[in-house]
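Novice: Mind looking over this structure? Questions follow.
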Amino acid sequence: MNSFFIRRYVIAGIFITIVLVLLSRLFYIQIVDDKYSQYAKNNVVRQFILYPARGPILDRYGKVLVQNEPVYDIMVVPRQVKPFDTLEFCKLLNIDTARFHKQFAKAAANSRVRPSVFEKQLSLETYAAFQERLFEFPGFYVQPNTKRVYPDSIAAQFLGYVGEASPQAIERSGGYYHPGDQIGVSGVEKSYESVLRGQRGVQNVMVNSRNVTKGRFANGAFDTSAVAGERLISSLDIRIQKLGEKLMQNKVGSIVAIEPSTGEILCFVSSPTYDPNILVGRERGNNMAAMYKNPYNPLFIRPIQAYYSPGSSFKPLDALIALQEGIITPQTTFFCPHYYQNGRSRVKCEHFDGNTDLRKGIAQSCNTYFCNVFSQLINHNGAKQTEATYAAWKQRVNKFGFGVKLDVDLPSERRGLVPNPLFYDNRFGKSKWRAATIMSLAIGQGELNATPLQMANIECTIANRGYFYKPHLIKAIGDKNVIRTEYIKKNYVGIDSNYFEPVIDGMQQVVERGTASEAAIPGIVMCGKTGTVQNSHGKNHSVFVAFAPRVNPKIAIAVVVENAGYGASWAAPIASYIIEKYLRNTITKPAAQVQYIMNANLLPPPPGWKPPVRARGPLNATDSNQKNKDTSVKGAAPLKPAIPKSKTDTNKRRLLTAKLERTGDE
């Protein structure tokens, strides 16, 4: 009897356990795991994401720089896909079977029950052909979308580009982005992504077993509308942007022009550049790969990422610091014997300037004058205080925006370099360096590095007589023209305004009768400074900085042309054309002169390039004439003795040699 009752309880326990397991599984399927619910839902209701149009970007006068064009994405739900004619499918989308299998595997790895992007940015013609036969391909459907279009194909590095959201971006977004979504990758498209992207909407649609739409689910009660992105009004002037890109074609370098009274960037040229339209559409990947291989790196944003020694364009800044410190006055003179004796070495000067004051020192770009100024700046507290005095000098330089980020509204800005005392301690030893050790800083060389944006910003500071507004590329956001508060704040550099006038006098003389006289614009008082910057790879860089007009300045500019020689030869004319075009909407210089600059090819040899070795024939050791024939260009005139026989000939030869060297650089 007891055994019977025990067996009954065991059997009852087994049945109860089975029931509990089944109930638990049922609870898990219906409440916890939404997979089967998703299967059922996808059979009758399809959720379409309504992608908003990204906000357009305009220039300062309302000219469209970026707008949108409708395209169509092919979506797939792998679980719903049934056997179909793969070859016909690929033919309709103009892809091969290898790409089909790759894309399908990618979608399946993402999710088998949720839609994934299979093929992006189909044209209207391809979409129309595919849509007619969509019912033949169960599990696939079409998602309307938009792509970016650049009507004038300019300002690529400023505008940036959009691309598919990376796994890292998806994770950082907290669920906003999904695989296949577009996101700003660089430039303004990235820095203003939250403003440009808008707000996505959702549309729920009922479909039948043949994947044909049968109407809105619940009459659209659960749908939400997409909200388009905000419009951005940039500070760029499309006229001088186009001109700048033409002037810099086949050259490496930058142009940055800023309105001193607002900090708005008027021109932002990075050369070499590219057509931003090539990074849109289905060939984007191939085009991107080609640019990565380009030795001149068009994706590099030179105005905010390239480092250059500012060269002589740095001299006015040093003069301002010395004036503020009371080290010099505008009348302080130093004698220039064509060099500055720096301990056992000499710093050469381009001219024999004799007695030189501040204005003449700037106008003639006298190295001797500014080496003396820098020496007194660093040594005025005594040699034992060199480190502390240098640190104070560095702080003043930092206030001008050198060696610090200016926080321009673009990603990946670099800060430049003004070395701190520890840098020199590590190089030369603690307290084992003096002003003479770092004398190259006096003329903007050595370890001093700046971006073209920082150089242009210094011209804004000088034009404003002591302050600058943060440089920025977007002047207004949305229909309400919102302006960020940090862009309307004055940033003072700690130099009294009265000290700027003698420096500006010298900069005016640079253009009127100094090193940049060929760049003068009739009727416009331009103040500038040339720079011929030494570097470790090829010819000197050509640099010119300026602002105009002197009274109530409207534009400040920095131009850098890499490996082009003298600042007066290339950078100064380019700046002159940009300034006149902006102020007058015309260029008075001869058209042939402007065209010459545009057509000039100054691209330096790419890294690793070596000149071809000229093949030489066998030489007859007994025939000196044969040697000359074999080692000279065919058809050239016979060689003549170059050694003059008189003192007059010697002087002529020296003058001719100097002229040829300068002409060669220019």
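Novice: In Å, the Kirkwood hydrodynamic radius of the stretch 486-581 over pairs of distinct alpha carbons?
Specialist: 14.1
Novice: While we're looking at this one, here's another question. Between residue 69 and residue 28, what FRET efficiency follows from the Cβ-Cβ distance if R0 is 45 Å, with the result rounded to 0.05?
Specialist: 0.45
Novice: Rounded to whole Å and sorted largest first, what semi-axes of the equivalent ellipsoid does the C-alpha gyration tensor of the stretch 311-457 yield via the square root of 5 times each eigenvalue?
Specialist: In descending order, the three semi-axes are 25, 20, 14 Å.
Novice: Which order do the peptides 90-103, 405-418 take when ranked by the mean count of other beta-carbon atoms within 10 Å per residue, highest first?
Specialist: So the peptides 90-103, 405-418, ranked by packing, come out 405-418, 90-103.
Novice: Can you give me the convex hull volume of the Cα atoms of the stretch 480-522, divided per residue and expressed in Å³?
Specialist: Output value, Cα hull per residue: 152 Å³.
Novice: To continue, here is another question. Grab the eigenvalues of the alpha-carbon gyration tensor for the chain, scale each by 5, take roots, and send me the semi-axes largest first in whole angstrom.
Specialist: Largest first, the chain gives 64, 32, 27 Å.
Novice: Mind checking Rg over Rh on the stretch 146-259, alpha carbons, Kirkwood formula for Rh?
Specialist: Computed over Cα atoms, the ratio is 1.13.
Novice: Taking the convex hull of the Cα atoms, report for the stretch 339-425 its projected area averaged over all directions, in nm².
Specialist: One quarter of the hull surface, i.e. the mean projection, equals 8.1 nm².
Novice: Continuing with the same structure: Under 8 Å for C-alpha pairs, at least 6 residues apart: give me the relative contact order for the chain, rounded to a whole percent.
Specialist: Relative contact order for the chain comes out at 13 percent.
Novice: For the chain, which whole-number percentage of the solvent-accessible area (1.4 Å probe, protein heavy atoms only) is attributable to carbon and sulfur atoms? Can you show the working numbers first?
Specialist: Numbers: 17980 of 33310 Å².
Percent of accessible area from carbon and sulfur atoms in the chain: 54.
Novice: Provide the gained length on full extension for the span residue 61 to residue 136, in nm with one decimal, where the gain is 0.36 nm per separating residue minus the Cα-Cα distance. Don't skip to the answer; put the middle values down first.
Specialist: Numbers: separation 75, 0.36 × 75 = 27.00 nm, distance 5.00 nm.
Extra length from residue 61 to residue 136 when fully extended: 22.0 nm.
Novice: Return, for the Cα atoms of the stretch 220-304, the radius of gyration and Dmax in Å, separated by a comma.
Specialist: 17.7, 59
Novice: Could you compute how fast the stretch 136-195 diffuses translationally, taking Rh as the Kirkwood radius over C-alpha pairs and applying Stokes-Einstein at 10 °C with viscosity 1.306 mPa s? Give it in µm² per second. Before the final figure, lay out the partial values.
Specialist: Numbers: Rh = 13.4 Å.
In µm²/s, the coefficient rounds to 119.
Novice: Listed here are the pairs 63/246; 82/120; 63/480; 315/405; 432/529; 120/242; which of them are more than 29 Å apart at the Cα?
Specialist: 432/529; 120/242
Novice: Additional query: Rg and Dmax of the stretch 307-369, Cα atoms, in Å?
Specialist: Over the stretch 307-369's Cα set, Rg and Dmax evaluate to 11.9, 34 Å.
Novice: Any idea how far apart residue 114 and residue 481 come out in nm if each label point goes 7 Å out from Cα toward Cβ?
Specialist: About 4.3 nm separates the two model spin labels.
Novice: How much length is gained if the chain between residue 596 and residue 84 is pulled fully straight, taking 0.36 nm per residue apart and subtracting their Cα-Cα distance, in nm to one decimal?
Specialist: 178.2 nm
Novice: Given q = 0.22 Å⁻¹, what are the Debye log10 I(q)/I(0) values for the stretch 382-483, with equal point scatterers placed on the Cα positions and solvent ignored?
Specialist: -1.18
Novice: Residue 351 to residue 447: FRET efficiency via 1/(1 + (r/R0)^6), r the Cβ-Cβ distance, R0 25 Å, to the nearest 0.05?
Specialist: That pair, residue 351 with residue 447, gives E of 0.45.
Novice: In Å², and per residue, what accessible area does the chain have when probed at 1.4 Å with the other protein chains present?
Specialist: The answer is 50 Å² per residue.
Novice: Can you pull the one-decimal nm distance between simple spin-label points at residue 395 and residue 249, each 7 Å off the Cα toward Cβ?
Specialist: The modelled label-to-label distance comes out at 5.0 nm.
Novice: How high is the FRET efficiency from residue 376 to residue 488, r the C-beta distance, R0 35 Å, rounded to 0.05? Before the final figure, lay out the partial values.
Specialist: Details: r = 38 Å, r/R0 = 1.09.
Calculated value: 0.35.
Novice: Which loop-located trypsin sites (Lys or Arg not before Pro) does the stretch 351-399 contain, where loop means any DSSP state but H, G, I, E or B and the Cβ has at most 14 other Cβ atoms within 10 Å?
Specialist: Working: sites: 359, 360, 384, 394, 396, 399; in loops: none.
Filter output for the stretch 351-399: empty list.
Novice: Something else: Find, to one decimal place in angstroms, the Kirkwood hydrodynamic radius of the stretch 243-379, where the mean of 1/r is taken over every pair of different Cα atoms and then inverted.
Specialist: Every distinct Cα pair counted, the radius reaches 18.5 Å.
Novice: Once fully extended, how much extra length lies between residue 94 and residue 427, figured as 0.36 nm per residue of separation less the alpha-carbon to alpha-carbon distance? If you can, show how the numbers build up before the last one.
Specialist: Numbers: separation 333, 0.36 × 333 = 119.88 nm, distance 6.08 nm.
Between residue 94 and residue 427, full extension yields an extra 113.8 nm.
Novice: Another question about this same structure. Nearest 10 degrees is fine. How inclined is helix 500-513 to the longest principal axis of the chain, computing both from alpha carbons?
Specialist: 80
Novice: Here's a follow-up. Please list log₁₀ I(q)/I(0) at q = 0.14 Å⁻¹ for the stretch 441-481, using the Debye equation with identical point scatterers on the alpha-carbon positions.
Specialist: Debye output, listed in q order: -0.49.
The values are calculated or read from the model by the stated rules, or taken from the named source; none is laboratory data. Note that this is a predicted model, so its numbers are computed, not measured. Positions of Cβ are generated from backbone atoms using ideal geometry, with glycine treated the same way; all protein chains shown enter the neighbour counts. Just so you know, the surface numbers come from the protein's heavy atoms only, side chains and all, with ligands and any DNA or RNA stripped out. Shrake-Rupley method; radii C 1.70, N 1.55, O 1.52, S 1.80 Å.
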